[in-house]
Amino acid sequence: MFRKSIYLILFLGIVILPLQVFSIEKKSAKPRMVEVEESVWRKKNEDLDKLSDEVLKLTSQLRIAEAEIERLKKELESAKKGTDIAKVHTYIVEEGDSLWKIAKKLYNDPYKWLWLFKANIDQIDDPDYVYPQQVLEIPRY
């Protein structure tokens, strides 16, 4: 008796789910479903969730580093020109901060959060989410 398993590899190739097993007897294929233990399935999903969280955290750290590099490049260009006009004001996001809270702290007007969002649109995908240690440019209007 010859058995062949077909596997579906889900996101990131981490969770493997057996779909069907074919038994080949006398040149006929009879598919039958393979049951997966619920505990194994849950463990794989938990592992995938942990890895997804880690990827999000590393992506955030990468964006923070890229923003800091860009800021330093601008500062270097400004220093080469010999002007202080291009000096950029920055703010490092703390735990529990939001654009609303930062705008209230810096401008005394929380409705100016949109200024912060527009100035940092290259590193903020969703204005509801800013991450600790993220470096934001502070526009002066």
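The values are calculated or read from the model by the stated rules, or taken from the named source; none is laboratory data. Everything numeric in this text was worked out from a predicted model, so none of it was measured. For neighbour counting, all protein chains shown are included, and Cβ atoms are generated from backbone atoms with ideal geometry for every residue, glycine included.
Miscellaneous remarks
- For the stretch 106-121, a residue qualifies if it is surrounded by fewer than 13 Cβ atoms within 10 Å (Cβ to Cβ) and either outside the structural domain of LEU72 (by TED's automatic domain parsing) or touching a residue at least 24 places away in the same chain (Cβ under 8 Å) (or both), but none of them does.
- Restricting the stretch 85-97 to residues that are surrounded by 16 or more Cβ atoms within 10 Å (Cβ to Cβ) and of a type outside the set (A, V, I, L, M, F, W, C), the residue that is nearest to LYS57 (Cα to Cα): ASP97
- For the stretch 122-141, residues that are buried (at least 16 other Cβ atoms within 10 Å of the Cβ) and among the hydroxyl-bearing types (Ser, Thr, Tyr) total 1.
- Taken together, LEU56, LEU136, LEU62, LEU116 contain a single residue that is outside any helix (DSSP H, G or I), of a type in the set (A, V, I, L, M, F, W, C) and under 22 Å from the mean Cα position of the chain (by Cα), which is LEU136.
- Being assigned to a helix (DSSP H, G or I), modelled with pLDDT of 85 or more and hydrophobic (A, V, I, L, M, F, W, C) is a description that does not apply to ALA79.
Okay, residues lined up against (1) hydrophobic (A, V, I, L, M, F, W, C); (2) under 20 Å from the mean Cα position of the chain (by Cα):
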residue: LEU99; (1), (2): yes, yes
residue: ALA103; (1), (2): yes, no
residue: TYR111; (1), (2): no, no
residue: TYR131; (1), (2): no, yes
